[in-house]
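Please read the structure below before turning to the comments.
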Amino acid sequence: MYRYDEIDREVLADRAAEFRAQCARRLAGEMTEDQFKPLRLMNGLYLQLHAYMLRIAIPYGLLSSAQLRKLADVARTYDRGYGHFTTRTNLQLHWIKLKDMPDILDELASVGLHAIQTSGNCIRNLTADPHAGATADEVDDPRIWAEVIRQWSTFHPEFSFLPRKFKMAVTAASADRAAIRVYDIGLRLHRDDEGALSFEVLVGGGLGRLPHLSPVIRDRLPVRHLLSYLQAILRVYNRHGRRDNIHKARIKILVASLGPVEFARQVEEEWSLTDKAAVDLPDTELARIRAAFAPQGFETLPAVSTPFEAAKSSSPAFARFARRNVLAHKQSGYALVNVSLKAIGETPGDCSSEQMEAIADIAELYSLDEVRVTYEQNLLLPHVKLDDVPAVHEALAAVGLATPNIALISDIIACPGLDYCALANARAIPIAQDIARRFADPAQAENIGELKIKISGCINACGHHHVGHIGILGVDKKGEEFYQLTLGGSAEDDAALGQVLGPALPADRVAPAIDHLVEVYLRERRTGERFIDTFRRAGLTAFKEAVYAQAH
Amino acid sequence: MKVLTANRLTDGEVVFWTGEAWSERFVDAGRYDNDAAAEAAEAHAKGQTTLLVDPYLIDVDEVAGGWAPVSYRERLRALGPTNKLDHGKQARGGEDIALLAHAHGAARSKGRVDLIRRK
C-alpha cells in the first residue's frame, strides 16, 4: 500500500500544529464560534448532541495494521473505547473533547492518518472498491487512481470552496462495490483489446433530499487525462453550481437541470481550453504511485486448501462463515475474508478498541498487513491464505466478529441517527437492532438470502436508504419518531432508487413490517430470485397490503 | 415553560442553566414561564463565548413526577444515546434520569396503519 512520503508527513505535521494554535485561540476567547467552526470542521470536528464528533479520513478505505492499532489507541485514550465506521468508509469517534484535539491530530499524523477532506465544501475523502488488488474481475488496481486523486485534491486551492461538498468513488471491476452511481463523480476503469486503460466517467449522482443516479458523461477517457478532465468537470460546477440554495447546490442538480448532454458539452469545451500537460500526472509520478500498490508477499499455492476444506466438513458454523463471508481471490490459494460489524443486537459499524486491535493482529499475521473498510460498514481482510481461514475465523470469533451474515437481512446499514447526530430526526440504530434480533437465526437469514436494508435518521441519507432493497427513513412528527419505508432500491450494478411503500410507521411497527415484507417475498419468490428481484417482478401492491392491511 | 441549554465549549457536554450556573443535569435546570425572562437569559448566555457553544431555549412540560423536554431529541440530549445506556448522562442513574427515560412528548399519533380494508 501507499506509504506517506516526506511531503505527506510534513503536510500532516503542519496541519496539526496549525489546528493546535487555532484551538488555543478559540479557548482563550480570541476567536468566536462563528470564526472557529469552519476551521474545526476542516479538521473533521463536528459538534453533535452529546459531545464533539471527530471524523477520521480513511482514504479509499485502506488501513495498515499499525494505523488500525492507532485508531484503537486514540478511541481508548480520548474517547470511550470504540469507533463507528461509516458509509463513507471513515471512522467517527462520538465523545471527543475539543481540548484533546491537538494531541489527537498529532497521534493520528504519526501513522499517516488525519481528518482532512472529511468536511466542508471541498473534494472529500475518496472511496474505492474494497476488493481492489484482490479480485479477479478488475482491469487495474483502483487504489492507484484513488491515491492520484487524493494527492491532487488535498488542499486544492481552486476547489476548496465549491458550491457544496464533492464526493468521488473509483472502481476497476465489472461488479460495482463502490456505489459509483450515487456519487458526484463515479469512475469505472475499462481496458480495451489492446490493453489501453480508460475511464467511464459518471457525473451527478447523489442521495439526500433529491436523489439522482448519475448518467455517463464520457464513455472512454484515456487514463493519462484523468486530472485535467476532473478539473474541467469541477470548473463547470464551480462556475454554474447554485450557491443561492443549499438544497440545490450539489452537482447532481446542475447536471439534471442542464441535462447530461449539455453538461458534457460544457465539460468538453472547458477541457479543450485546458493546458492538459500542466495538469495531468507525469508518467514518472504515476509509476511511483503504481509501484506502491504492486502485489507483493503472495506465495504460490494450490487452488484447493486441505485445511480449509477439512474445516468446512467438520464444522457447520465454519462452513456457514465460509459460504457467507469468504470470497474467491485472484491469487490461487488466497481468499478475501469479510469481517461483519453487524453482530446481532449490536450497533451497525461499531468496533471496540479491543476488536480493532484483534483485527490489526490478524491482518498483520494473515492478511499481508492490510485491512479494508467497506461502505456497507464492514471490514475486510483482503489477502488471507485459504489454509489460514480457519485460524482467522477462530480469532475473529474470539472477539465477537465472526457473524456470518454478509449481504443478508441482518447486515444492515444504519447511520448514527438521533442517538448521536445533530441533524437527525429519528434514531436508526435501535431500528436496525430490532430487525437484526428478529432475524437472528442464521439458517432463516440464509434462506431469505440477499436482502439489503439501509436506514437513515434523516433525509440527508448517510444510511443510503434510497438505495436499500428495503430503505428506512426516519422522520419527525411533532417531536416523535416515525419511519418511511421504500422498496426496490439498489446501489450496485442494478442501481435504482426505492419506491415509497406508504405512510410512515411508528418505531415499534417497523420490525413487524419487515417481517410482513419478507413473508410476501418468501410466498411469491420464484427459483433464484432475491427479494429485490421478486419485488421488481411482482410490484408494490402485495407488499403494501401486507404492511398496511387491517389485521384479521 | 422553557429551559435554557447549550453545549460546553471544552468538551461538548450538554449543560442547563439553573438561573445561577450551568449544570450537567436537566433536573437542576431553571424553568421560565415568562418569555422575556427566558430570552434575556438566552441573550446573556450568548455572551459567554469562552464557555458555551450555541445556547438555546427548549420547551418543557410537566410529566408524572416532574418536568421533561417536550421533544424526543431534547430528552435524548438530557439522557444519552439509547444504544449505549452506560454512556452519557443516563449512566449516572437516579430518579431524575428514570423520569426522563419514561417521559412521552406531545405527539400522540400512532401512525396511519390499518389503511387497507380486507374484503
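Answer yes or no as to whether A:Pro102 is in contact with a strand residue (DSSP E or B) (Cβ under 9 Å, 6 or more places away or on another chain) and modelled with pLDDT of 95 or more. In short, no. Kindly indicate whether any position in segment A:90-100 is more than 14 Å from chain B (Cβ to nearest Cβ), β-branched (Val, Ile, Thr) and either within 18 Å of the chain's Cα centre (by Cα) or under 27 Å from A:Asp14 (Cβ atoms) (or both). The answer is no; no qualifying residue exists. Residues in segment A:457-478 that are over 17 Å from the mean Cα position of the chain (by Cα), surrounded by fewer than 18 Cβ atoms within 10 Å (Cβ to Cβ) and assigned to a loop (DSSP other than H, G, I, E, B): A:Lys478 only.
What are the residues in segment A:20-51 that are closer than 23 Å to A:Tyr375 by Cα, crowded, with 24+ Cβ neighbours inside 10 Å and within 13 Å of another protein chain (Cβ to nearest Cβ), if any?
Of everything in segment A:20-51, just one residue is closer than 23 Å to A:Tyr375 by Cα, crowded, with 24+ Cβ neighbours inside 10 Å and within 13 Å of another protein chain (Cβ to nearest Cβ), namely A:Leu45.
Within segment B:26-49, the set of residues being of a type in the set (S, T, N, Q) and surrounded by fewer than 16 Cβ atoms within 10 Å (Cβ to Cβ) comprises B:Asn34, B:Gln48.
In segment A:59-89, the residue that is nearest to the other protein chains (Cβ to nearest Cβ) out of those that are touching a Lys or Arg at 6+ places or on another chain (Cβ under 9 Å) and under 19 Å from A:Tyr4 (Cβ atoms) is A:Thr89. Within segment A:449-471, residues that are assigned by TED's automatic domain parsing to the domain that holds A:Thr486 and within 12 Å of A:Ile409 (Cβ to Cβ) reach partners that are modelled with pLDDT of 95 or more and charged (D, E, K, R) with beta carbons closer than 7 Å, at six or more positions or on different chains, in the pairs A:Gly449/A:Arg530; A:Glu450/A:Arg530; A:Gly468/A:Lys452; A:Gly468/A:Lys454; A:His469/A:Lys452.
Per the listing A:Pro307, A:Pro316, the residue uniquely in contact with an Asp or Glu (Cβ under 6 Å, 6 or more places away or on another chain), farther than 27 Å from A:Ala75 by Cα and surrounded by fewer than 20 Cβ atoms within 10 Å (Cβ to Cβ) is A:Pro307. When each of A:Gly498, A:Gly488, A:Gly528 is tested for being surrounded by fewer than 18 Cβ atoms within 10 Å (Cβ to Cβ), over 17 Å from A:Ile429 (Cβ atoms) and at pLDDT 95 or above, the lone residue that passes is A:Gly528. Where helices (runs of 4 or more DSSP H) fall entirely within segment B:31-106, those with at least 3 residues that are facing chain A (nearest Cβ under 8 Å) and out of contact with any Pro (no Cβ under 6 Å at 6 or more places or on another chain) are at B:72-79. Return the residues of segment A:437-482 that are within 14 Å of chain B (Cβ to nearest Cβ) and either out of contact with any helix residue (DSSP H, G or I) (no Cβ under 9 Å at 6 or more places or on another chain) or of a type in the set (S, T, N, Q) (or both); say none if nothing qualifies. Hits for segment A:437-482 are A:Val475, A:Lys477, A:Lys478. Considering only residues of segment A:326-368 that are among the hydrophobic types (A, V, I, L, M, F, W, C) and assigned to a strand (DSSP E or B), which is farthest from the other protein chains (Cβ to nearest Cβ)? Here the residue is A:Ala328. Across segment B:1-24, the number of residues qualifying as hydrophobic (A, V, I, L, M, F, W, C) and over 15 Å from B:Glu39 (Cβ atoms) comes to 6. Scanning segment A:414-434 for residues that are away from every other protein chain (no Cβ under 11 Å) and crowded, with 24+ Cβ neighbours inside 10 Å yields a total of 1.
The values are calculated or read from the model by the stated rules, or taken from the named source; none is laboratory data. Just so it is clear, the structure is predicted and the values come from calculations on it, not from any experiment. Please note: Cβ atoms are built from the backbone with ideal geometry, for glycine as well, and neighbour counts cover all protein chains shown.
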